[in-house]
Amino acid sequence: MVKLIASDIDGTLLSYGKTALPPALFGLIRRLRSAGVLFCPASGRQYHSLRQLFAPAADEVCFLCENGAVVFGPGTEETAPVLSKNPMPRQEALDLTRDIMALPESHALVSGQNISYLPRWPEQLVRDFRSWTGNLVQPVEWAEDIREDIIKVSACCPSPAAAAEALGRRWGERFHMAEAGPIWLDFTLSDKGTGLRGLCRSLGVEAAEAMAFGDNWNDVPMLEAAGIPWLMASAAPALRERFPRQCADVLTVLEELLSELGA
């Protein structure tokens, strides 16, 4: 029996270019929970930002945030338990941050558990970033000023591919390195598979009881960790060859599952 469903957001639950989730999703999430199935958005986004996106059901779901580096259980933003967290070694994270800041036209974003720290960002860029993402943001002079665990370090740069080439020689084998958009390159000790496995351990859920949805290469570790992986039919051909269970719409699969459960 399925007890947990983890789903990527962009390209999976949320069509590219869209900013709001389909309203029907929230009713399905509540029906799933009534049937004993927890739902978990899985994203590189911050917890606070994800809660805004899932506001109608935010207290009822788990959240796999920052590409699996921190996972929250159900509850309010103030009370939800941290079910797993995988901090980066502090000195290495600080050294990586300085390497990013040394790249031309690049800025470093350092993620705490629920705050985006922006070392030496121009004021206008800070305002723009807060507006774009909805994140909780704190400008700092240097990353050394951060007093909590560092769970992700990102490069905001003109070319993530060029940044990966420049930074990969030193950091590519030490951390998971992934392009996270047209101007973002992320570094973590975790991936979505790490996050899902940590969530399953915390909840006492077996891999065979976990379903996962994804559409891109950064979802592969999560799809491999789940006993029931679903790939979006719009995914790359190489991924479609790898994951034969495919769908065009997550909500349709959720409806079918609820029907099977009699809920």
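The values are calculated or read from the model by the stated rules, or taken from the named source; none is laboratory data. If you're wondering where the values come from, they're calculated on a predicted model, not measured in any experiment. FYI the Cβ positions are ideal-geometry reconstructions off the backbone, even for glycines, and counts take in every protein chain you see. We work out accessible area using only protein heavy atoms, side chains counted, and drop any ligands, DNA or RNA first. Shrake-Rupley method; radii C 1.70, N 1.55, O 1.52, S 1.80 Å.
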* Asked: For region 17-65, what D do you get in µm² per second when you plug the Kirkwood radius from alpha-carbon pairs into Stokes-Einstein at 25 °C and 0.890 mPa s?
  -> 220
* Please give the per residue accessible area of region 66-175, computed with a probe of 1.4 Å over protein heavy atoms only, in Å². => 47
* Asked: What residues qualify as long-range amide H neighbours of Met88, i.e. H under 5 Å apart, gap of 5 or more or another chain, H built at 1.01 Å from N?
  -> Ile150, Ile151
* Which of the cysteines found in the chain have nothing to pair with, since no other Cys Cβ lies under 4.7 Å from theirs? -> Cys65, Cys156, Cys157, Cys200, Cys247
* Relative to the first principal axis of the alpha-carbon coordinates of the chain, what is the inclination of helix 123-133, with its axis defined by its Cα atoms, in degrees from 0 to 90 and to the nearest 10? -> 10
* For region 1-49, with every protein chain kept in place, what is the accessible area per residue (1.4 Å probe, Å²)? -> 39
* Any idea what the alpha-carbon Rg over 2.2 N^0.38 Å comes to for region 125-188? -> 1.20
* Using a 1.4 Å probe over the heavy atoms of the protein chains, calculate the carbon and sulfur portion of the accessible area of region 108-240 as a whole percent. => 51
* **Rounded D (µm²/s) - region 144-218, Kirkwood Rh over Cα pairs, Stokes-Einstein at 37 °C, 0.692 mPa s** => 228
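Counting other C-beta atoms within 10 Å, and keeping those with at most 15, which DSSP coil GluC sites (Glu not before Pro) do you find in region 149-200? Kindly include the intermediate steps, with their values, before the conclusion.
Values: sites: Glu165, Glu173, Glu179; in loops: Glu173.
Passing sites in region 149-200 are Glu173.
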* Asked: Relative contact order for region 143-247 using alpha-carbon pairs under 8 Å, separation at least 6, rounded to a whole percent?
  -> 18
* **Alpha-carbon Rg/Rh ratio, for the chain, with Rh computed the Kirkwood way** => 0.97
* Coordinate range along principal axes, alpha carbons of region 68-206, Å, largest first -> 46, 32, 27
* **Volume per residue of the C-alpha convex hull in region 1-141, rounded to whole Å³** => 131
* Asked: When the Cα centres of region 55-77 and region 1-50 are compared, how far apart do they sit, in Å?
  -> 10
* Asked: Reachable lysines from Lys85, Cα under 22 Å, same-chain residues fewer than 8 places away excluded?
  -> Lys3, Lys152, Lys192
* Using the alpha-carbon centroid of each, what span in Å lies between region 130-157 and region 201-262? -> 31
